[in-house]
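Novice: Handing you a structure now.
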């Protein structure tokens, strides 16, 4: 029998580069990336089923009532959520699934799927985090301070995660995440089938040889 | 501040090739390997401090009484043990320490140092395990059956370990163990200093910039 796939949740404060890290991981590995559902309208260039699953509000609410989201949230009147069935189907097939998500979402996923692998991306340094937020160019000094205070508070949530990876260099961060995935596949509590097969083989040898 | 090193315990039934795997890991990585103490006499070619620390029985017993072993056992009238102080000193300095040990020893180490990384080497297949035991040429059919039954019972102890690595290929096994070490360094509960530094940096930015 084949072992189940992993749900790899990549999360962290904004400005830590988790999107860039995820993109680099997907370029190199055959992971399946979870696509979110939303009730907001598609923007130019966005593709159904790739950028998002675009749903009418009634559809979304009906899926909430059917417990069909690993997590969902309402932001400025629009719903966003992670569809559960497709993710679980891939995992059952032995595929590893990547989910890039903010901290509040990740904590909800953890409630619903605690056997996931929860990875927190830490900013390389605070100076660098500030540069990245500033570079976006949309921030006033006040909003920059608010973002900073929020990042400071958010870093406390790292204690709810299994792993933390400092993103001082995208290639290093990717290598670390690949190691985490490889190691998690070797965790005894994820190797029930392999260990069962090993013992069966031994039993067979004893009885018939 | 620097994070502590890891105690990596490599263990498993006899005939799984854990010695070969350990040697291959040490060839490629700057790990410190723990050397056992024993009261048995040195054999030809054995080197004090490299093969073993050779101790008089009184010395060994006095070290037991001083709680200076991570584990020890008496086998056919001779004592064997893992000296604690040197291992802990290396770990404090940030060095990763490898300890190759049988299952009973590993379980005692776990009692004394539960934050270690406990890796169980599984035989590639039962046919292969039997070939390896048979190749040693010293076994009668009866003793072979005894060894097999013992291996079967021993595999049940895998549930006490953190990780299991199937040794179907030494290079693959080494790569998996390297991933485990790399991943363990990213575990949130081992990254207290890094996370503290990250938050300090943020605090500093907020106050003075």
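Values quoted throughout were computed directly from the atomic coordinates according to the rules given, and no laboratory measurement underlies them. Note that the structure is predicted; figures quoted are calculated from it, not measured. Cβ coordinates were reconstructed from backbone atoms using ideal geometry, including for glycine residues, and neighbour counts include every protein chain displayed.
Novice: Tell me the distances, shortest first, between residue B:115 and the same position across the other copies, using label points 7 Å along Cα→Cβ, in nm to one decimal.
Specialist: For residue B:115, the inter-copy label distances come out at 2.9 nm.
Novice: Ordered by packing density, taken as the mean number of other Cβ atoms within 10 Å over each peptide's residues, highest first, how do A:63-69, A:177-183 rank? Present the calculation step by step, with values, prior to reporting the outcome.
Specialist: Values: A:63-69: 14.1, A:177-183: 21.4.
Result, highest mean first: A:177-183, A:63-69.
Novice: Follow-up question, since we're still on this one. In a solvent-free Debye calculation with one equal scatterer on each Cα, what is log10 I(q)/I(0) for chain B at q = 0.15, 0.18 Å⁻¹, listed in the order of the q values?
Specialist: Taking Cα atoms of chain B as identical point scatterers yields -1.05, -1.38.
Novice: Just to be sure I understand: with springs between alpha-carbon atoms less than 10 Å apart, which residue in B:34, B:51, B:14 has the highest mean-square fluctuation in the Gaussian network model of chain B?
Specialist: In this elastic network of chain B, the residue with the biggest mean-square fluctuation among B:34, B:51, B:14 is B:51.
Novice: Per residue of B:159-165, count partner chain C-beta atoms within 10 Å of its C-beta, then hand back the mean as an integer. Before the final figure, lay out each step's value.
Specialist: Details: counts 4, 1, 3, 5, 9, 9, 3.
So the per-residue partner count for this stretch is 5.
Novice: Something else now. Give the average, rounded to an integer, of partner chain Cβ atoms located within 10 angstrom of each Cβ in A:186-192.
Specialist: Mean partner shielding for this stretch: 6.
Novice: Moving to a separate point now. Over region B:35-94, calculate the relative contact order: mean separation of alpha carbon pairs under 8 Å at least 6 apart, over the residue count, as a percent.
Specialist: Relative contact order of region B:35-94: 36 percent.
Novice: Continuing with this model, one more query. Calculated from DSSP H runs of 4 or more alone, at -39500 (n - 2.57) each and per residue, what is the 222 nm mean residue ellipticity of chain B, nearest 500? Please report the intermediate quantities before stating the final value.
Specialist: Working: 8 runs with 97 residues, N = 209.
Value at 222 nm, helices only, nearest 500: -14500 deg cm²/dmol.
Novice: Rounded to the nearest 5, what % of DSSP beta bridges with both residues in the protein assembly as shown are antiparallel?
Specialist: Of the beta bridges lying entirely in the protein assembly as shown, close to 35 percent run antiparallel.
Novice: What FRET efficiency do you get for residue B:61 and residue B:192 if R0 is 41 Å and r is their Cβ-Cβ distance, rounded to the nearest 0.05?
Specialist: For residue B:61 and residue B:192, the calculated efficiency is 0.60.
Novice: Next question, about the same structure. Roughly what angle does helix B:170-185 make with the longest principal axis of chain B, taking Cα atoms, 0 to 90 degrees, to the nearest 10?
Specialist: The angle comes out near 30 degrees.
Novice: Something else now. Normalised by the residues of region B:1-108, what does the relative contact order come to in percent, with Cα pairs under 8 Å and at least six apart? Display every interim value, and only then the final one.
Specialist: Values: 157 pairs, mean separation 48.2, N = 108.
Here the relative contact order equals 45 percent.
Novice: Right, something else. Kindly give Rg over Rh for region B:87-191, based on alpha-carbon atoms, with the Kirkwood expression for the hydrodynamic radius.
Specialist: Over the Cα atoms of region B:87-191, Rg/Rh equals 1.03.
Novice: On to the next question. If you find the alpha carbon centre of region B:75-99 and of region A:145-196, how far apart are they in angstrom?
Specialist: Spelled out, the Cα-based centre of one part sits 30 Å from the other.
Novice: How big is region B:35-95 on each of its three principal axes, counting only the C-alpha atoms and giving the largest first in Å?
Specialist: Answer, in whole Å and largest first: 35, 29, 16 Å.
Novice: Which percentage, to the nearest 5, of the DSSP beta bridges contained in region A:35-95 is antiparallel?
Specialist: The antiparallel proportion sits near 75 percent.
Novice: Still on this structure, please answer the following. If you take all C-alpha pairs in the protein assembly as shown, what percent of them are over 42 Å apart? Mind dumping the intermediate values first?
Specialist: Values: 23580 of 87153 pairs.
Roughly 27 percent, once rounded to a whole number.
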